[in-house]
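A short reminder: the numbers here are calculations on the coordinates, not readings from a lab. Because the structure is predicted, anything quoted here is derived from the model rather than measured. Every residue, glycine as well, gets a Cβ built from its backbone with ideal geometry; the counts of neighbours run over all protein chains shown.
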Amino acid sequence: MNREDRVLIAGGGPVGLFAALLLGREGIPVRLFDENETIREDPRAATTHPGTLEILDSAGLVDDMARVGLVAPIFQFWDRPTGRLVAEFDHALLKNDTPYPFVIQCEQFKTARLILDRLRELPNVEVFFDRRVTDVRQTEHDVTITVETPGGPVEHRGLYLIGADGGRSIVRKKSGIPFEGFTWEERFIVLTTPFDFHASKGYSYRSYFADPDEWCNCFKVSANGPPGLWRTVYPTDPKATDDELMSDRAVQARLRKFFPSGNDYEIVHRNLYTTHQRVAKTFRAGRVLLAGDAAHVNNPIGGMGLNGGLQDAGNLVEKLLEVLLNGGPDALLDLYDLQRRTVSSEFVQQQSIANKKRLEERDPDKRNKNLDELGQIASDPVRARNFLLGSAMLASQRRAAALTLEDVKRPQ
Ligand SMILES: Cc1cc2nc3c(=O)[nH]c(=O)nc-3n(C[C@H](O)[C@H](O)[C@H](O)COP(=O)(O)OP(=O)(O)OC[C@H]3O[C@@H](n4cnc5c(N)ncnc54)[C@H](O)[C@@H]3O)c2cc1C
């Protein structure tokens, strides 16, 4: 292909980088821009579900992710006030559904680095850090972006632009695409500690704690380990200031209240996040295609945001390759929009909101009913498998695959 027929990508998070890899290894010229100087090490996604591992493995990434991360087949739900283990799910129940009956806990910056290493070997892929995309315009034939450089703005032209520039996506905004949904009033705080919750309390590498006062997600990452680190995530008081939430006294009090201990916890990271539930009105505007957080954002309970983004990248690149290399119909890109937007709304939004509600429910009757129901599901292998198909994001992949070009033609 002519270099001018390149695909442009805004954003070098895991989603943009993965799309670049899938395109680049098929010989497509790609130019990717990220505004950061390098890949950031912030403690965000780690849980990578079977439905996503299947796609990542098409690029040979799973073994490396398991090597630098942790394989976690089990997850648990606990009732924090009573200390009761409500439910335990084992992904082994999915052994006939996927070659990957487990999740891999791999910090997203490690996944991004593994992808970047592979990109460095592809001469047709150019990755530029410290370059902010500031404008987008398109014609019937091409798309042009403006990129800030130390010497002033520079324009780059391509056949398509993938907007993988995160939740505040400039590509989405410049393309006039509404980002529909809402923002949670409470922010989430992430406290990371080396304290070993498995050895001392028996918690699995992914444990969810229901509590009417203050729920918690607790999960292990390998960090530079072994022994690794544990991240704990909680909601915060919407009226509290950053200082009130982040002071040593406040974070110790939070951890010691939730996981009683006579000693202070060692805390290696503390981070506050504003959390949204939003889906772009369309994932396609002409030659501009949105993927990852640029297209959808959700709360992190259940670990679905990045997974959804990587699944977008796999789906989108499959269609772009068909259009670019095999003369496939342009409507395939509408099918990308339909498939991925449908599962973002029907699965990821609904499940992540339901996950949060289950953990935070205050009404004692509803709470007990929810937790008892979960325990019953976990103890019935048929129901547990169905539950896992949803949480492992395999059901959403199947739903997307069931939508065809015929559905694109029908008004939705
Ligand atoms: C506490 C927490 C825990 C989470 N846990 C999980 C989990 O376990 N599993 C999961 O699946 N998800 C999880 N998520 C969600 C996950 O972090 C995001 O969904 C994921 O980062 C999205 O990847 P992305 O590549 O689309 O966007 P990002 O990672 O946000 O990357 C976007 C990139 O675009 C760049 N950029 C932005 N604007 C521009 C511009 N104008 N020009 C050039 N570059 C630009 C940025 O520098 C950035 O590198 C979690 C989130 C949080 C906050």
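Observations, loosely collected:
- Phi-based couplings in Hz for region 266-283 (Karplus 6.51, -1.76, 1.60; Gly and Pro marked x): 7, 10, 9, 9, 9, 9, 10, 10, 7, 10, 10, 10, 9, 10, 5, 4, 9, 9
- Tail beyond 18 Å, pair distance distribution of region 209-256 (Cα, percent): 43 percent
- Within straight-line cross-link reach of Lys201, lysines at Cα separation under 26 Å, skipping those fewer than 8 residues along the same chain: Lys220, Lys257, Lys356, Lys357, Lys369
- Counting every alpha-carbon pair across region 266-339, the share separated by more than 18 Å comes to 47%.
- Descending by average beta-carbon neighbour count within 10 Å, the peptides 268-276, 312-320 line up as 312-320, 268-276, the highest first.
- Using bins of 5 Å that start at zero, the share of Cα-Cα pairs per bin across region 87-154 amounts to 3, 11, 11, 11, 14, 14, 9, 7, 9, 7, 3, 0, in whole %.
- Straight-line cross-link partners of Lys174 among the lysines, defined as a Cα under 20 Å from its Cα and at least 8 positions apart when in the same chain: Lys281.
- Note that region 1-95 shows a convex hull volume over its alpha carbon atoms of 145 Å³ per residue.
- For the chain, built as a Gaussian network whose Cα springs stay under 10 Å, the top-fluctuating residue of Val125, Val323, Val343: Val323
- Across all Cα atoms of region 201-350, the radius of gyration (one decimal) and Dmax (whole number) stand at 20.3, 67 Å.
- Amide H contacts for Arg132 (H built 1.01 Å from N in the peptide plane; partners 5 or more residues away or on another chain; cut-off under 5 Å): Glu148.
- Rg and Dmax over the alpha-carbon atoms of region 329-386 stand at 16.9, 54 Å.
- Each peptide among 366-376, 296-306, 224-234 gets the average number of other Cβ atoms lying within 10 Å of its residues, and from highest to lowest they stand as 296-306, 224-234, 366-376.
- Estimated translational diffusion coefficient (Stokes-Einstein, Kirkwood radius over Cα pairs, 10 °C, 1.306 mPa s) of region 108-203: 90 µm² per second.
- For the pair Lys366 and Glu41, label points projected 7 Å from Cα toward Cβ lie 4.2 nm apart.
- For Arg6, the residues whose amide H sits under 5 Å from its own are Leu159, ignoring neighbours fewer than 5 places away on the same chain, with H placed 1.01 Å from N.
- Within straight-line cross-link reach of Lys319, lysines at Cα separation under 17 Å, skipping those fewer than 8 residues along the same chain: Lys409
- For the pair region 348-366 / region 104-174, the C-alpha centres are spaced 36 Å from each other.
- With Rh defined as the Kirkwood radius, the inverse of the mean 1/r over Cα pairs, the Rg/Rh of the chain is 0.97.
- Counting only DSSP H runs of at least 4 residues, each contributing -39500 (n - 2.57), and dividing by the residue count of the chain, the helix-based mean residue ellipticity at 222 nm comes to -11000 deg cm²/dmol.
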